[in-house]
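Novice: Submitted below is the structure of interest, expressed as structure tokens.
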Amino acid sequence: MSLRLPGSIVEEIRREGERAYPAECCGVLGGRLDGAGAKEVVSATPALNRRTDDPHRYLISPDDHRRVESALRAEGLEILGYYHSHPDHPAVPSAFDAEHAWPWYSYVILRVDRGRAADVASWVLDDAGRSMHSESLEVLSEV
Amino acid sequence: MSVTVSIPTPLRSFTGGSDAVELSGRTVGEVLDGLLRTHTGLKRHLVQDDGRLRNFVNLYLNDTDIRQLQSTQTQVHEGDVLTIVPSIAGGSPAVETALPKLSHAEVLRYSRHLLLPEVGVEGQRKLKAARVLTIGAGGLGSPLSLYLAAAGVGTIGIVDFDVVDLTNLQRQIVHGTGTLGTPKLESAKSRLIDLNPNVKVETHEARLTSENALDIIRQYDIVVDGTDNFPTRYLVNDACVLLDKPNVYGSIFRFEGQASLFYAKEGPCYRCLYAEPPPPGLVPSCAEGGVLGVLPGIIGSIQALETIKWIIGAGDLLIGRLVLFDALKLRFRELKLRKDPDCPICGTNPTIHELIDYEAFCGIGAEPDYSGLEITAEELRQEREQKGDDLVLIDVREPHEWEIAHIEGAHLIPLGQLPDRLGELDGHAEIVTQCHHGSRSMKALEILKGAGFGKVRSLAGGIDAWAEKIEPGMARY
């Protein structure tokens, strides 16, 4: 499976990760599946990080999740995955990420290096449900 | 009751692509059981091994989280919709991916730790990743470095510059008879590595000073203070505050000890407890005052315990608490410590922003100049031969020290009794004061001078120097 992200959305996520630094930002990726089954992101909705006790954690509450989901449904879109930032850590899932990941969803991780947005990668849970592997991330340039 | 279970996109591969499943049951729990029975692939994603919902899986009955109802006992009605809603959680690899793995041999070695849920594999890996600095390889440094090494702390740094002496072995159990006369760093390192070869021991052969303290302490996660003197204790405290490092404090005196965890980010520091050092000489060192050998074992073990708890993040730390231990009464007491808002280094308006001259701060450099007031052991022997009884030798040690050894012909007047017993002395006699190492005899000299005695000198190096140079057969302690 692969994930297509418009360049403008990548830019939004990068700005948000920089603003949230040194804490983590998080949000929901909405979009649709194309005919070949690839995920095409249309929107990124920032979510409130409900974990305030630990800057190395994020949590999107189920209520927030439901609100975003119904708003997306109203536009004929669905949740394709989520994004969050890793302040001063590689854009690689942590053990905690893998432990809490759902199947199928894409988890886009942005590395924020000393306050500056760095690389972005997307990950999905493997079929065994134990670890995450990277998926191809296609950044679409604006036309 | 027939209930619709709404399946989120990520789980549809387990329901043959359907976004909803019709099931019947009387409660949420029964409906859920039915769902997991008919679609077993969902189990792994929704429930734990014990059958309870995973903590990031939420169930909504119509529009309400079942946790706000009667959880899985909630009654369901015909036509209700049960929705599975994810909480999305994660985070950066704050520690976990950076943690080193344990070998099979390490798993076996630490098995009694791994059995404790509070330690477990993650805690043990945190211990392996930890870098702990112990200041001093003496009374406190011995037990604490042994326990830290045994516990699997990955890197132990030790600062010391001393040599193993026979008088150390009564309490400094990291050293042994076989390492007498060798540097304490080498002696401790070989013992710790023998105890646990997985531990890396980094040695810093130096006296900790304002010049090197920040560079050494910076390399470690946590500092354990096993020093026996005030200048170093203030130095360690200030360096830890400036570098945001926790400082595990312990101190011992005769039969009493104390311990705390100073971490200025979350609580008081040593200066909040003791703003000023005591006047120099008021508090004797172990060499002067003695110490029960087991006592540093107890206090050093408490320091090791707090260090391990801090690393694995378990239990209630000694931050803001001072534990006092009395060995003779076998009694522990606890004092609450408050952060001093006026603390010169961790208060609201700190006045200390860098390390200072701690010898001067503790008044040590300001001691009076005693030159000309001391007499060497050789000079004392010669003068006694010439002057006989006209030269009075006053031993100001305690009676139990006198019993170990004394110089023939000396008079015993313990320092504490001296001011009341001046009448026993001839005001015109030439007097030499003498103690164990030459420090108490200086105090005695000051008392005698202050009382008008003119011809007073102090035996440099005390009875120990006498035993070394004049009477080799005499017992030393």
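Bear in mind these aren't lab numbers, they're just calculated from the coordinates by the rules spelled out. Predicted model only: the values in this text are computed from it and were never measured. A quick note on method: Cβ atoms are made from the backbone with ideal geometry, for glycine too, and the neighbour counts reach across all protein chains shown.
Novice: Regarding chain B, what whole-number volume in Å³ per residue does the convex hull of its Cα atoms give?
Specialist: Details: hull volume 93.4 nm³, N = 477.
Expressed per residue, the convex hull around the Cα atoms of chain B is 196 Å³.
Novice: While we're on this one: Given N residues in region B:273-353, what is Rg(Cα) / (2.2 N^0.38 Å)? Write down the numbers at each step before the final one.
Specialist: Details: Rg = 16.0 Å, N = 81, 2.2 N^0.38 = 11.7 Å.
Here the answer is 1.37, to two decimals.
Novice: Using alpha carbons only, how many degrees (0 to 90, rounded to 10) separate the axis of helix B:28-38 from the longest principal axis of chain B?
Specialist: 80
Novice: Taking the square root of 5 times each eigenvalue of the Cα gyration tensor, what semi-axes in Å does the equivalent ellipsoid of region A:21-143 have, largest first?
Specialist: Values: eigenvalues 94, 60, 50 Å².
Equivalent ellipsoid of region A:21-143: 22, 17, 16 Å, largest first.
Novice: Taking amide H atoms as placed 1.01 Å from N in the peptide plane, list the residues 5 or more away in sequence, or in a different chain, whose amide H sits under 5 Å from that of B:V164.
Specialist: For B:V164, whose amide H was placed from the backbone, the distant partners under 5 Å are B:G181, B:T182, B:K184.
Novice: How far is helix B:440-450 tilted off the main Cα axis of chain B, in degrees rounded to 10, range 0 to 90?
Specialist: Result, in degrees: 50.
Novice: Can you list the residues, at least 5 places off or on another chain, whose amide H is less than 5 Å from the amide H of A:W123, using H built in the peptide plane?
Specialist: A:Y107, A:V108, A:I109, A:E135
Novice: Oh, and also: For region A:48-112, what size does the Cα cloud have along each of its three principal axes, sorted from largest down, in whole Å?
Specialist: Projected onto the principal axes, the Cα atoms of region A:48-112 cover 37, 24, 22 Å.
Novice: When a/c is below 1.5 the answer is rounded, else prolate if a/b is larger than b/c, else oblate, so apply that to region B:328-420 with a ≥ b ≥ c taken from the square roots of the Cα gyration tensor eigenvalues. Working shown, then result.
Specialist: Numbers: a/c = 4.27, a/b = 1.89, b/c = 2.26.
Oblate, because a/c is 1.5 or more while a/b does not exceed b/c.
Novice: For region B:201-274, give me the percentage of DSSP beta bridges that are antiparallel, rounded to the nearest 5 percent.
Specialist: Numbers: 7 of 10 bridges.
Close to 70 percent.
Novice: Looking at chain B only, what percent of DSSP beta bridges run antiparallel? Nearest 5 please.
Specialist: Within chain B, antiparallel bridges account for around 50 percent of the total.
Novice: Over all alpha-carbon pairs in the protein assembly as shown, figure out the percentage whose distance exceeds 49 Å.
Specialist: On the way: 69276 of 191890 pairs.
Cα-Cα pairs in the protein assembly as shown separated by more than 49 Å: 36 percent.
Novice: If you don't mind, there's one more thing I want to ask. Sort region B:1-148 into rounded, prolate or oblate with this rule: let a ≥ b ≥ c be the square roots of the eigenvalues of the Cα gyration tensor; rounded if a/c is under 1.5, and if a/c is not under 1.5, prolate when a/b is larger than b/c, oblate otherwise.
Specialist: Values: a/c = 3.39, a/b = 3.09, b/c = 1.10.
Prolate shape, in that a/c is at least 1.5 and a/b is the bigger ratio.
Novice: Additional query: Which one, B:G141, B:L335, B:H113, projects farthest toward the positive side of the charge dipole computed for chain B from Cβ point charges (K/R +1, D/E -1)?
Specialist: B:H113
Novice: Where does helix B:294-312 land angle-wise versus the long Cα axis of chain B, in degrees 0 to 90, nearest 10?
Specialist: Helix B:294-312 sits roughly 30 degrees off the main axis of chain B.
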